[in-house]
Amino acid sequence: MIGTGRIRLFRTTHGPVTAPPLLLVHGWGGDGREWSPHAEALADRFRLVVPDLRGHGRSEVPESGNTPVEMADDLAALVESLATGPVVAVGHSMGGQVVNLLAVRHPPLVRSVVALDPAHGAHGAEVELIPARSAAYRAQGARAAADFVADAFSPHAPPGLRTAHVRTMLGTPDHVIAQSYAGMYTDPGAVGVRPHSEAYLRRRRRPALTVWTSREAAAWESGLPQLPGSRVEHWPDTGHYLHEERYERTVRLIGEWAAR
C-alpha cells in the first residue's frame with residue numbers, strides 16, 4: 001500500500017527498477033491480479049507497476065469520487081511518487097478509459113497508451129441501455145454488475161476465468177460499482193459515449209495502440225485522427241477480457257509496442 005497524497009493505493013512492482021516502466025491497469029469491478037501472468041512474462045524486460053484502482057481490490061475505498069477521472073489523477077500521483085519516468089500505460093475496459101484520461105490530463109507522465117476494449121465509444125443500442133443499467137447498479141450494485149460480467153466471455157475463455165471475474169465483481173463495494181459506471185457514461189464530463197469519446201481522444205497527445213473485439217468499434221476508432229505511430233486492431237472471436245482469453249498474444253503485443 002502506498003499513499004499518493006490523494007488516497008492509499010495497493011500496488012505491486014515487478015522487474016528491474018532501471019527498466020522501461022509499464023503501468024498495467026484493470027477494469028471495472030476487477031483488480032490487479034488479472035495482470036499477474038503478464039507481469040511475470042514481462043518482468044525480465046520492463047519495470048511493471050500493477051495497481052488496484054481506488055475502491056477496488058486492496059486499495060482504499062472512499063465514499064465518493066470513485067470515477068475514472070479521479071482514478072487517472074490517482075495514477076498520476078502514483079507514477080510521480082515512484083519516480084518511474086514516463087510510462088507505457090496499459091488499461092483494459094474502464095482501465096482503458098483511465099489510461100487515456102491519464103495521457104490527456106498528465107501527458108508528461110505517459111510515453112504511450114495501450115487500450116484493450118476500452119470503455120469509450122458507446123453508441124446506438126448500447127447507449128439506449130445506459131439509463132436502465134445505471135438504475136440497476138444504483139439499486140443492486142455488484143449483483144447487477146456480476147450478471148453483466150458473466151456474459152462477457154467467449155466460448156474460448158479458459159476454465160475458471162468467468163467465475164474469477166464474477167467473484168471479484170461481487171467483492172467490489174456496491175457504491176463503487178454505481179459511481180464508476182456513472183463516471184464512465186453519465187456524469188457531467190463523462191467520456192464513454194461516442195461524441196464525448198471523440199472529443200477526449202482528440203486531446204490525447206501520445207501514441208496509442210487500441211485493440212477492439214468489435215469490428216464496428218475498431219472501424220470507428222480507425223477513422224478518427226491518429227498520431228503518428230498509433231494504430232487500431234480488431235481481434236475477432238474474443239470476449240471482453242481479451243487480455244486473459246488471449247494471454248500470450250497480449251504479452252507479445254505489449255512487449256513489442258513498449259520496446260519500440
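The values are calculated or read from the model by the stated rules, or taken from the named source; none is laboratory data. What you see is a predicted model; the values in this text were computed from it and never measured. Positions of Cβ are generated from backbone atoms using ideal geometry, with glycine treated the same way; all protein chains shown enter the neighbour counts. Please note that ligands, DNA and RNA were not included when accessible areas were found on the heavy atoms of the full protein model with its side chains. Shrake-Rupley method; radii C 1.70, N 1.55, O 1.52, S 1.80 Å.
Only one of these is under 26 Å from Leu161 (Cα atoms), assigned to a loop (DSSP other than H, G, I, E, B) and touching a residue at least 40 places away in the same chain (Cβ under 8 Å): Thr250, Thr210, Thr238. Name it.
Numbers: Thr250 fails: assigned to a loop (DSSP other than H, G, I, E, B); Thr210 fails: assigned to a loop (DSSP other than H, G, I, E, B).
After applying the criteria, what remains is Thr238.
Scanning the stretch 213-232 for residues that are small (Gly, Ala, Ser), touching a residue at least 12 places away in the same chain (Cβ under 8 Å), in contact with a strand residue (DSSP E or B) (Cβ under 7 Å, 6 or more places away or on another chain) and open to solvent by 30 Å² or more (accessible area, probe 1.4 Å) yields nothing.
Ala199 satisfies every condition listed in (1) open to solvent by 50 Å² or more (accessible area, probe 1.4 Å); (2) more than 30 Å from Phe46 (Cα to Cα) except (1). Taking Arg194, is it basic (Lys, Arg) and open to solvent by less than 20 Å² (accessible area, probe 1.4 Å)? No: the conditions fail for Arg194. Can you pull out the residues in the stretch 133-181 that are more than 22 Å from His243 (Cβ to Cβ), assigned to a helix (DSSP H, G or I), open to solvent by 30 Å² or more (accessible area, probe 1.4 Å) and in contact (Cβ under 8 Å) with a residue 24 or more places away in the chain? Hits for the stretch 133-181 are Arg133, Arg138, Gln140, Arg143, Asp174, His175, Gln179. Does Ala77 fit the bill of being more than 30 Å from Arg215 (Cα to Cα), part of a helix (DSSP H, G or I) and open to solvent by less than 20 Å² (accessible area, probe 1.4 Å)? Yes: the conditions hold for Ala77. Criterion first (modelled with pLDDT of 95 or more, closer than 22 Å to Val149 by Cα, in contact with a Gly (Cβ under 8 Å, 6 or more places away or on another chain) and assigned to a loop (DSSP other than H, G, I, E, B)) does Ala190 satisfy it? Against the criterion (modelled with pLDDT of 95 or more, closer than 22 Å to Val149 by Cα, in contact with a Gly (Cβ under 8 Å, 6 or more places away or on another chain) and assigned to a loop (DSSP other than H, G, I, E, B)), Ala190 qualifies.
Taking the stretch 1-74 and the strands (runs of 3 or more DSSP E) fully enclosed by it, no element has 1 or more residues that are touching a Ser or Thr at 6+ places or on another chain (Cβ under 9 Å), surrounded by fewer than 22 Cβ atoms within 10 Å (Cβ to Cβ) and of a type in the set (Phe, Trp, Tyr).
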